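Let me begin by presenting the structure, written as structure tokens, before commenting on it.
Any read-out appearing in this document is the output of simple, stated calculations on the displayed coordinates, not a laboratory observation. Because the structure is predicted, anything quoted here is derived from the model rather than measured. Positions of Cβ are backbone-derived with ideal geometry, glycine not excepted, and every protein chain shown enters the neighbour counts.
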Amino acid sequence: MDEIRAARPADWPGIWEIFRPVVERGDSYPYDPDTTEDEAKALWLASSQTGPQATYIGILDGRVAGTYYLKPNQPELGKHVCNAGYMVHPDMRRRGVGRALCAHSLEEAKRLGFTAMQYNLVVASNVRAIDLWTEMGFETVGTLTKAFRHKELGLTDALVMYRQID
């Protein structure tokens, strides 16, 4: 990864180039596969109901290769635990982008004062992501039976994964 940094408004076209195909697949994010660009921008760049959201991009070979956000997972008494979501450009998969973004997000989360990170809805059929998150120190702490409506597989289990931040 050449650089990972906070996203700027001018980065949106590169983020949208990632967001659109990832969400259209309907296999990993609960967003509507027909999410419009304006809706996507509000989801990925705006503050959340639980607190401020920080969005980052990873640059590889001069282009936006991936993106992630960090936000409190819950308000007030649960805001020491963050939530993160990652997307990698389809052309940049299997090049270590997801791993680099996750490592960066753990460092950023610690810098921002979070003490743990939780993934609320990891689709059980997304084996590559589950393997990566496990390698990065996350544990599966629960299974949500048929919690995700997979575009091809129908109702699919999802995992809740958690990790303390050292």
Net charge over other residues, Cβ less than 14 angstrom from the Cβ of D131 (K, R count +1; D, E count -1): +2
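Pop the C-beta distance of E39 and R8 into the FRET formula with R0 = 25 Å and round what comes out to the nearest 0.05.
Numbers: r = 20 Å, r/R0 = 0.81.
The computed FRET efficiency comes out at 0.80.
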Which label in (i) 23, 17, 17; (ii) 28, 17, 12; (iii) 21, 20, 16 gives the computed semi-axes √(5λ) of the Cα gyration tensor in Å: (iii)
Label-point separation in nm, S125 to E24, each point 7 Å along Cα→Cβ: 1.9
